[in-house]
1. Kindly provide the set of residues from the range 530-560 that are farther than 19 Å from VAL604 by Cβ and not in a strand (DSSP E or B), ordered by number.
2. Is it fair to say LEU186 is more than 12 Å from the chain's Cα centre (by Cα), touching a residue at least 60 places away in the same chain (Cβ under 8 Å) and part of a loop (DSSP other than H, G, I, E, B)?
3. Restricting to the range 408-467, name every residue that is in a helix (DSSP H, G or I), of a type in the set (A, V, I, L, M) and surrounded by 15 or more Cβ atoms within 10 Å (Cβ to Cβ).
4. Condition test on ASP245, is it modelled with pLDDT of 95 or more, of a type in the set (Asp, Glu), assigned by TED's automatic domain parsing to the domain that holds ASP142 and more than 22 Å from VAL396 (Cβ to Cβ)?
5. Look through ALA348, ALA339 and report the one residue that is outside any loop (DSSP other than H, G, I, E, B), closer than 27 Å to ILE126 by Cα and in contact (Cβ under 8 Å) with a residue 12 or more places away in the chain.
6. Across the range 99-137, what is the number of residues that are without any contact (Cβ under 8 Å) to a residue 60 or more places away in the chain and touching a Pro at 6+ places or on another chain (Cβ under 6 Å)?
7. Taking the range 25-49 as the search range and keeping residues that are surrounded by fewer than 13 Cβ atoms within 10 Å (Cβ to Cβ) and either in a helix (DSSP H, G or I) or at negative phi (or both), which one is farthest from the chain's Cα centre (by Cα)?
8. Could we say that PHE263 is part of a loop (DSSP other than H, G, I, E, B), outside the structural domain of TYR134 (by TED's automatic domain parsing), more than 29 Å from GLU196 (Cα to Cα) and in contact with a helix residue (DSSP H, G or I) (Cβ under 6 Å, 6 or more places away or on another chain) here?
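The values are calculated or read from the model by the stated rules, or taken from the named source; none is laboratory data. These numbers come from a predicted model, not from an experiment. Positions of Cβ are backbone-derived with ideal geometry, glycine not excepted, and every protein chain shown enters the neighbour counts.
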Amino acid sequence: MADQKSAPWQEKVVSPEKVLERIEPGMSIFLGTGMAEPRTLVKHLMASAQPNLQDLEMIQLISLGDSLSIDARYSKKYRLKTFYSGWLASESIREGRVDLIPSRFSRIPWLFKSGAIRIDMAFIQITPPDESGYASFGVGVDVARHAMEHAAIVVGEINTQSPLTLGDTLVRAEEFDYLVYATEPLIYLDRWPVDEVYDKLAANVASVVEEGSCISFSIGPLYEALGKHLARKRHLGVHTPFFTDALMDLVKSGAVTNRRKAFFPGKSTASYALGTSELMRWLNRNPLVEFQPIDVTLDPKNIGLNSQYVAILPARKADLTGDIALNAGRGNVTAGPGAVQELFAGAALSKNGRTLFALPSRNRKGDANIVLSVADYPYQFSNRESLDMVITEYGVAYLTGRTVRERSQALIDIAHPDDRAELVRMAKEAKILYADQIYLAESGHLYPEKITCTHAFKGDLTVRFRATKPSDEDEMRRLFYRFSDQAVYYRYFSPVKTMPHGRMQEYVNVDYRNAMSIVGVTEESGLEKIIAEARYVRRKDLDRPYADTAFIVDEAYQGRGIAAFLFALLIRIAREHGIEGFTADILAENKAMLKVFEKASFPVKAVLSHGAYELTMPFADKNDLS
């Protein structure tokens, strides 16, 4: 680097007090956002008693509340205007001490350009200029360049701790009217602790992120845990407002290659960095991360250029129709209505794009997060027409194409087990669910979540197996009506023509103390499709603990080994639950099903009676058989 004493920009360096002298009462001052907040200038402004510092407007996209105090002591000196209700500003907004400007983030530059929001001065944090006189915006690009273009006075705060980030980050030192040296360090954010609930929640989110997907990301326990679970994926892409420590780890794992992105391929795209000093060191001159202004990263058209875009968002509450109450307070960065709206629009433009909200089933106080209605909660986001999934630590509720009744059943299935019976009662009272809807109060705690597994079959087919849920009623009915008359006859021993609600809901509400039901599920365009089901029911008419069994596979998926896998899985689970053998009745002409039993690991005794085989399969070890 050249001798800074001889650099032309050095003549612009002044003390913070000199900058404050240029401020006039009533001015609007733009501040850099997040870790790019110009802390030295802000702290001098707060501490100064100069009489000109009165009735100022401080404009900041997102306030971390670190340097700029928003309590009543400074109400005569300045008032904060923010575009975001998250982090620490939400309470002050509700109390009327901070002004919220509702807006899509990508539209903010236009608000500056049009004059709808006036900018008189801009305080921007930058890295030290190089020998050519260029600096970097560092950890916060957001709308800094746009603010500089419309401000009458532009001040740069040089912070030697800021990493030199790459992308649309370079700015000439001569573009600043004044420069000051930072005496305050960067704002660092510790990594979030992750408990068991958030780890399970993140695992469920990761289960719906396919390889090759492009994802949004933010900060908080959900994302801290999610990064670890996504590390098993391949060829992920990143297009997000915020780059974090968890994303850094994910890139280091090799899961993120960005090769399948169409917008800035090969690079993770972001506007901010939020995290630790380790992240700042890693970002310095790192060509893998492309920093772009917020109107670029959150422009839905740009997001939509990336195929398989998955907008992953945290929520505070979700109701039984799919409406959402967004988070507020510390740690909430991504999920503001403006940003969420643009991520949703971008996912809608993306080929095979998807949107999901993730939240624990209960909050820290033990209150339910899946509720009948979010009408009484602040920061509501209603775009249920475009919401694909809601996820808790208890599973995934697929909402696309489902009726309100079907949505309600799916959301109740992922609520906390202790909350489900009351949700069913309220939903029936609100006429969302059928008046005769069955719900087994113990089913939530008995649900055998641990049996869930995934297996690949012939023809590049991946099937996920899990226990049946009450919300499977409609999809199981669809499976029934896809069967031929012959298949129905094989399964039910009679020419059953209909499967009404009353009969099917009894079938899918399983008493897991005495029975087991497993469905095989594929995912097509973000929708669950049940293609197979197997179950056993304990027999009460025998002295030994045997169970009667039956299973069926969608005819379009037969011949790939699904039945054999499903049967072996059912046997393993039955043995773990103390079942000593299976019995089954199979029509003599049902050769395919007979072969499944014949190929099993245990010998089968078959007795032909009235055109059907009565099969008995003891689970004794082969060495014990005589």
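1. Answer for the range 530-560, where residues must be farther than 19 Å from VAL604 by Cβ and not in a strand (DSSP E or B): LYS540, ASP541, ASP543, ASP554, GLU555, ALA556, TYR557, GLN558, GLY559, ARG560.
2. Answer is yes for this residue.
3. Hits for the range 408-467 are ALA410, LEU411, ILE412, ALA421, LEU423, VAL424, MET426, ALA427, ILE451.
4. The answer is no for ASP245.
5. Answer to the selection: ALA339.
6. 1
7. Applying the filter and picking the extreme gives ALA49.
8. Yes, satisfied.
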